[in-house]
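Asks: Quick one: the structure is below, and I'll ask about it shortly.
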């Protein structure tokens, strides 16, 4: 019958007797004949990441779903399921899905941060307002003072931003969280649109009469930085921290490009350039976008820390992705009358998670395909010198570090 031992290693030396520290999870070995079930494979492209993606949620069937937004434990979207546009919200903590409030008004284009959601409210295009609610406090509020033509609200912990039509052109307005005006952006441009907010920074796209460019406003210094200015059309900006992403449509034609840039405007990187992409979203290290390399809309991601790219959703008619600190969410379905919001949640990897085989074998790390884990260093030498799988079984975890309960030092186990 299978059983296990717990062995603790430090700097290649056996530190503690077998079974001494059962309470702390250390390198676990199956001490039986190698009778193991086939492990579930990690998602392609994620094997070396410190996280994995697991099922997060699937909404009820909706209609004409759009404008998905996510932050923390909340996912919000626009949905016509009851015949008129309204905002629905899903709480990942308790799995509940509901209308954002129960008053019968038309709501569109939600944006989320923390427990606060804002949206465009009203039916007539020139009689709409930006409204919101703090779900934690059950406090509803209005951002704009009077009805007008407004669109595309965005929100951060510090600012609100939205576009508003004035004198036959679009401008971007910014206010603080107390709804005090901060700035009106794009007054020298033909049109300004699609604001995106992170902390005290706002990015937006601005048309000068010939092409779209990306600008950034710093509310602390009240300064504007040019993120991009070319003959190409740069649109759909999104910002998180010190990074901005946007879509570039080359002036001479060809495939659209996914661009990542610094908020200083001094650094720029082309992430995707050989097929059609649109609707990027960014949070922290992660960028997601709608990707058409297969001929159908899929969702792909790019990890800025590792430079790795991977598919999130393939061949599902997946549209309009958004990424937050907890999930990647998108609209699934090509029939507008029958769509859902789906999400995968980020989950930290565990030592028990299976590993993919190395692209290049290493003498220092031995891959065990039976359990899809590695043995290395001092434990590899001990394991090989003492009978390997015949007497010690196969590894059920990879090596990892933990803090010694008495000395506080980091030890490899």
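A short reminder: the numbers here are calculations on the coordinates, not readings from a lab. Quantities reported herein were computed from a predicted structural model and do not represent experimental measurements. In this analysis, Cβ positions are derived from the backbone assuming ideal geometry, glycine residues included, and neighbour counts consider all displayed protein chains.
Asks: Select from the stretch 357-413 the residues that are under 37 Å from the mean Cα position of the chain (by Cα) and on the phi > 0 side of the Ramachandran plot and list them in ascending order.
Replies: 372, 377, 408
Asks: So for the stretch 307-315 (the condition being farther than 30 Å from residue 277 by Cβ and loosely packed, with under 13 Cβ neighbours inside 10 Å), does at least one residue qualify? Don't jump to the end; show me each part of the working.
Replies: Initial filter on the stretch 307-315 (farther than 30 Å from residue 277 by Cβ): none.
Taking every residue of the stretch 307-315 in turn, none turns out to be farther than 30 Å from residue 277 by Cβ and loosely packed, with under 13 Cβ neighbours inside 10 Å.
Asks: Additional query: Restrict the check to the stretch 116-130 and report whether at least one residue is surrounded by 13 or more Cβ atoms within 10 Å (Cβ to Cβ), at positive phi and not in a loop (DSSP other than H, G, I, E, B).
Replies: No.
Asks: Could you pull out every one of the strands (runs of 3 or more DSSP E) wholly within the stretch 159-234 that has 2 or more residues that are without any contact (Cβ under 8 Å) to a residue 60 or more places away in the chain and closer than 27 Å to residue 131 by Cβ?
Replies: 159-166, 169-176, 181-185, 191-198, 201-207, 212-218
Asks: Could you list, in sequence order, the residues of the stretch 186-203 that are crowded, with 23+ Cβ neighbours inside 10 Å and under 14 Å from residue 247 (Cβ atoms)?
Replies: 196, 203
Asks: Would you mention how many residues in the stretch 235-265 are farther than 23 Å from residue 156 by Cβ and in a loop (DSSP other than H, G, I, E, B)?
Replies: Total meeting the criteria: 7.
Asks: Next up: Are any residues in the stretch 143-155 part of a loop (DSSP other than H, G, I, E, B), over 14 Å from residue 182 (Cα atoms) and touching a strand residue (DSSP E or B) at 6+ places or on another chain (Cβ under 6 Å), and if so, which ones?
Replies: 147, 149
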